[in-house]
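> Could you have a look at this structure, given as structure tokens, before my questions?
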Amino acid sequence: AEGDAAAGLGPKLAATAAAELMRLETLAAERHAAAAGGAWARLTAARAALADLDPARVEAARIALEADAREAPGEPLILATLGLTHFADGREGWVEDPRGAFFRARELALRAHRRAPDDPFAQHVLGLAAAAMGDPDGARLHQLRVLARHPGWPAAEGEMARLAALWGDVPEADARAARALETAPDDPAGPCWAVAPALARFARGDAAGA
């Protein structure tokens, strides 16, 4: 029993560390944005529009962030967030050329990643774009690289759960989704993470278990 309890500490400690990392990253971004005027407010507006899947607000946020990008070329957080707006365009069908939107998302995320190779968000968006462009192996590799540097990072854990569901890996989908939801239970992507285990069971042909 003691061994089981000790074995369970690893994921819990990773989740706690990931939550603290998110808090520190947010504080660092706020301090950085404070020096850049209203950039933080515009980034926050973009994240809120993306969470609400509001195409008009996403487009307005992108226009504002593109202006910020011209003022601060190479700012990783702005570039990666811009990439995420293009990813949403393609995923949600808001544009006539979804694949072109995914290419643009990858391009912006790659620029952000080159400027900040240890930043989890940029690499995460690279993984999202890879998955959308039909490269699940590349998508998985990007998320694993995020988790190697930032164990328990919830967005990467959640995306790994979704990817595991695609090929019916029930144990991985269960474990990844649980870690993501434990660390970030209120994340807008939470419902997607939560259904990954059921989708994995369905992919394995276990419709009753799903």
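The values are calculated or read from the model by the stated rules, or taken from the named source; none is laboratory data. Because the structure is predicted, anything quoted here is derived from the model rather than measured. Note: ideal-geometry Cβ built from the backbone for every residue, glycine included; neighbour counts use all protein chains shown. These area figures cover heavy atoms from the full protein model, side chains too; ligands, DNA and RNA do not enter into them. Shrake-Rupley method; radii C 1.70, N 1.55, O 1.52, S 1.80 Å.
> Measure off 7 Å from each Cα along the Cα-to-Cβ vector at Trp167 and Asp135, then give the distance between these two points in nanometres to one decimal.
With each label point 7 Å from Cα toward Cβ, the separation is 1.6 nm.
> Mind checking the per residue accessible area of the stretch 149-197 for me, 1.4 Å probe, whole number of Å²?
About 40 Å² of surface per residue is accessible.
> Enter the mean projected area of the convex hull around the alpha-carbon atoms of the stretch 80-119, in nm², rounded to one decimal.
2.4 nm²
> Still on this structure, I have one more. Please sort 125-131, 46-52 by packing, taking for each peptide the average over its residues of neighbouring beta carbons within 10 angstrom, highest first.
Most protected by this proxy first, the peptides run 125-131, 46-52.
> Quick one: Debye curve from the C-alpha atoms of the stretch 127-182, no solvent, what's log10 I(q)/I(0) at q = 0.22, 0.28 Å⁻¹?
These q points yield log10 I(q)/I(0) values of -0.75, -1.13.
> For Thr81, Thr44, give the ranking by accessible area with the largest first, probe 1.4 Å.
Sorted by accessible area, descending: Thr44, Thr81.
> Same structure again: Any idea of Ile63's accessible area? Nearest 10 Å², probe 1.4 Å.
90 Å²
> Follow-up. Roughly speaking, what is the stretch gain from Leu144 to Glu96, that is 0.36 nm per residue apart minus the C-alpha to C-alpha distance, in nm to one decimal?
Gain in length upon complete extension: 14.1 nm.
> Report the accessible area of Arg149, computed with a 1.4 Å probe over the heavy atoms of all protein chains in place, in Å² rounded to the nearest 10.
Counting only protein heavy atoms, the figure is 110 Å².
> Counting only protein heavy atoms and a 1.4 Å probe, tell me what percentage of the stretch 113-201's accessible area is made up of carbon and sulfur.
56 percent
> While we're looking at this one, here's another question. Which residues' amide hydrogens lie under 5 Å from the amide hydrogen of Asp54, considering only partners 5 or more residues apart or on another chain, with H built in the peptide plane?
Hits under the 5 Å cutoff: none.
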